[in-house]
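The values are calculated or read from the model by the stated rules, or taken from the named source; none is laboratory data. Everything quoted here is computed from the prediction, not taken from an experiment. Every residue, glycine as well, gets a Cβ built from its backbone with ideal geometry; the counts of neighbours run over all protein chains shown.
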Amino acid sequence: MIAKGFPEDSKIMYVANIFKFKHLKSWNLVLCVRSDRQNKVLHTRLSNLPALAKRRVINPPDGQSRKGGYPFFLSNVSTANWQVGIDSEGGGNTFVFDYIRADESTVTVHIPQIEFARVLFFHNAYLARNCIDHGLLSREFWIQDMGDDSVLVNVLPISSLPLKTFDHEGQRRLLAW
């Protein structure tokens, strides 16, 4: 990932708080990045959230993108026993649960809530940028129940969603969801 204002070969250590400067409309994220064996706390726009993940490298020197996160695979996980905890690295809220591996050993898993939300909901800049505005979707779209188990979604002229988004079936499905 290439981002202005970040040192070359910076690894995201954690994504912290969401904040807004008083004189600006846009929301921002606090990021802790490691560069040259030193942690730095920087910020970026909330609309960049879809591309931000723990351990992802920003501005790699060779220009090659690398996957972030941790190589850990979960299967058959129920959310029934999840609890809220605190991220020991970044101080943010996490979901915490015990996972029993195939070899019957138990691992305590901490999933940062912002990362979980990013994976589930923030697949594009529009959704990430507007997640703070609770009434946005009802103001930009008019939903009509057609009565025959179908729904018609009308995009209002004031919508800030780029129309090219509707060219992609996956984006239409995400928005409908």
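Go through the range 33-59 residue by residue and tally those that are in a strand (DSSP E or B) and either among the aromatic types (F, W, Y) or out of contact with any Lys or Arg (no Cβ under 7 Å at 6 or more places or on another chain) (or both). Talk me through it step by step, then tell me what you get.
Step one: filter the range 33-59 for residues in a strand (DSSP E or B), giving 33-35, 38-45, 57-58.
Now narrow it down to the ones that are either among the aromatic types (F, W, Y) or out of contact with any Lys or Arg (no Cβ under 7 Å at 6 or more places or on another chain) (or both): 35, 38-45, 58.
Total meeting the criteria: 10.
Identify the residue in the range 119-177 that is modelled with pLDDT under 85 and charged (D, E, K, R) and, among all such residues, is nearest to N28 (Cα to Cα).
R129
Going through the range 81-109 one residue at a time, which ones are surrounded by 14 or more Cβ atoms within 10 Å (Cβ to Cβ) and assigned to a strand (DSSP E or B)?
Scanning the range 81-109 gives G85, N93, T94, F95, V96, F97, Y99, V109.
Right, E89: more than 30 Å from K11 (Cβ to Cβ) and outside the structural domain of K20 (by TED's automatic domain parsing) or not? Break it down stepwise before answering.
Details: more than 30 Å from K11 (Cβ to Cβ): no; outside the structural domain of K20 (by TED's automatic domain parsing): yes.
No; evaluated as a whole, the condition is false for this residue.
Sort through E169, E140 and tell me the only one that's more than 30 Å from N39 (Cβ to Cβ) and touching a strand residue (DSSP E or B) at 6+ places or on another chain (Cβ under 9 Å). Full working, then the answer.
Details: E169 fails: touching a strand residue (DSSP E or B) at 6+ places or on another chain (Cβ under 9 Å).
Answer to the check: E140.
Exactly one condition in (1) in contact with a strand residue (DSSP E or B) (Cβ under 9 Å, 6 or more places away or on another chain); (2) basic (K, R); (3) not in a loop (DSSP other than H, G, I, E, B) is false for K164; which is it?
It fails just one condition, (1).
What's the number of the only condition in (1) closer than 30 Å to E169 by Cβ; (2) in contact with a Leu (Cβ under 9 Å, 6 or more places away or on another chain); (3) among the aromatic types (F, W, Y); (4) free of Cβ contacts under 8 Å to residues at least 40 places away in the same chain that F19 fails to meet?
The failed condition is (1).
Select, from L136, L127, the only residue that is in contact (Cβ under 8 Å) with a residue 24 or more places away in the chain and surrounded by 10 or more Cβ atoms within 10 Å (Cβ to Cβ). Give the derivation first.
Working: L136 fails: in contact (Cβ under 8 Å) with a residue 24 or more places away in the chain.
Just one listed residue meets the conditions, L127.
Kindly establish whether Y70 is at pLDDT below 90, out of contact with any helix residue (DSSP H, G or I) (no Cβ under 7 Å at 6 or more places or on another chain), assigned to a strand (DSSP E or B) and among the hydroxyl-bearing types (S, T, Y).
Details: at pLDDT below 90: yes; out of contact with any helix residue (DSSP H, G or I) (no Cβ under 7 Å at 6 or more places or on another chain): yes; assigned to a strand (DSSP E or B): no; among the hydroxyl-bearing types (S, T, Y): yes.
No, not satisfied.
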